1. Quick check: at a probe of 1.4 Å, how many percent of the accessible area of the chain sits on carbon and sulfur atoms?
2. Put a dot 7 Å past each Cα toward the Cβ at residue 126 and residue 274; how far apart are the dots in nm?
3. Before I look further, what does the stretch 22-73 give for accessible area per residue, probe 1.4 Å, in whole square angstrom?
4. Just to confirm the filter: which GluC sites (Glu not before Pro) across the stretch 193-250 are DSSP coil and have at most 15 other Cβ within 10 angstrom of their Cβ?
5. Mark the label point 7 Å from the Cα of residue 315 along Cα→Cβ and return the residues of the stretch 72-103 whose backbone N is within less than 15 Å of it.
6. Rolling a 1.4 angstrom probe over the protein chains, ignoring ligands and nucleic acids, what is the accessible area of residue 174 in square angstrom, nearest 10?
7. Over the stretch 122-174, with the other protein chains present, what is the accessible area per residue in square angstrom, probe 1.4 angstrom?
8. With springs only between Cα atoms under 10 Å apart, run a GNM on the chain and tell me which of 287, 256, 138 wobbles the most.
Amino acid sequence: MYGSEKVSEDSERTAFRKAEKKYKLYYDSTLKKKKQPKQVDLSEVLDFNSILESWKNSALIPPGIVPLQSDSGHPFFCLENRPGFCFIPGGLSIEEQYLWIKESLISFPQPPNRTNHNAFYGPIHDLFVAAKEKKVLVEESFSNGDPKAWKLVEEQEVSSRGKGCKSISASVLLRKLRWSTLGLQFEWSKRNYDVSLPHNKIPDALCGLAKRLAAPAMPKGEDFKPEAAIVNYFGLGDTLGGHLDDMEKDWSKPIVSMSLGCKAIFLLGGKSREDPPLAMFLRSGDVVLMAGKARECYHGVPRIFTDTENAEILALELQFSKEEDHSFLEYIQTSRININIRQVF
Ligand code: OGA
Ligand code: MN
């Protein structure tokens, strides 16, 4: 489902695929100077920020969008033709965004949680700190014939290991971090949860947050029990291809999906890839809920924006302006993080 995966010829022709292509990042090859992103027409992208503003100011709302209020008074929106879908603009405060960005980089990729790097390098501890300290991951072979293993070492140590030694810098690995899994471990190759894999419980604070956010989409009188989360990390040009999240047992329970960092375009399709999707902006702090019928809808992220004008992360940049937060600031200025939390059983 990631951007690098092949798509079959048939799926090239669906309405969903067409929308992905429309919004995806392309570079203008006609310009000789610096690579310039091709302009895209964003006029059809729903902007819940401005919808919220116009609703607050003049109670005006575009057709098909239903304004509601949570028990705590926070406004959110539903869509008439996508029951079970909720959009909570600014569902996370700036302090919460700050906290969960840091956790996503420091704690979430820690073993036993797995990341996309596991399959090739095995578990890697403290990747973010290692990148900051310019460490390098090197392949070690053992004279006693033990299988080779990867280990983080200081930059200076690499040269002493000789030319044949395979190595990759921690900062490159951090840039290539695409996902980590919390709680019950999602097995991408099988597209299912592997309950036999060692795992930690979802952190209590994240659990509490997810329960609070899930409330507007929960069946009456039931409790949301977060059991797994997938954290996606996006850099410029990264995409999340159209997909369904169908490996959880109870579809009446929502997926709680939080956006952090650079703005993105989210596509919400229908039951078939042939249904033309709705495009909407996802900004840092926005929360999307998908429950019930909306769980059967194809969705994906064809684009993130990292340029100052479009990323819309000014408030976050201020929050990360302290010297000690510099490495987080640097990361998030060109990245988006999505945490989506699920009840599996
Ligand atoms: C997912 C997903 C959406 C997003 O990980 O299943 O749909 O906003 N993520 O990144
Ligand atoms: Mn999904």
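The values are calculated or read from the model by the stated rules, or taken from the named source; none is laboratory data. Model, not experiment: these values are computed from the prediction. Cβ: placed from backbone, ideal geometry, glycine included. Neighbour counts: every protein chain shown. Side chains are part of the model used for accessible areas, which takes the heavy atoms of the whole protein and leaves out ligands, DNA and RNA. Shrake-Rupley method; radii C 1.70, N 1.55, O 1.52, S 1.80 Å.
1. Working: 9170 of 17300 Å².
Its accessible area is 53 percent carbon and sulfur atoms.
2. In this crude spin-label approximation the distance works out to 5.6 nm.
3. Values: 3950 Å² over 52 residues.
Spelled out: the 1.4 Å probe surface of the stretch 22-73, per residue, equals 76 Å².
4. Hits after loop and neighbour filter: 222.
5. Within reach of a label on residue 315, which here means backbone N under 15 Å from a point 7 Å along Cα→Cβ, the stretch 72-103 contributes 74-76, 88-101.
6. 20 Å²
7. Accessible area per residue: 64 Å².
8. Answer for the Gaussian network model of the chain: 138.
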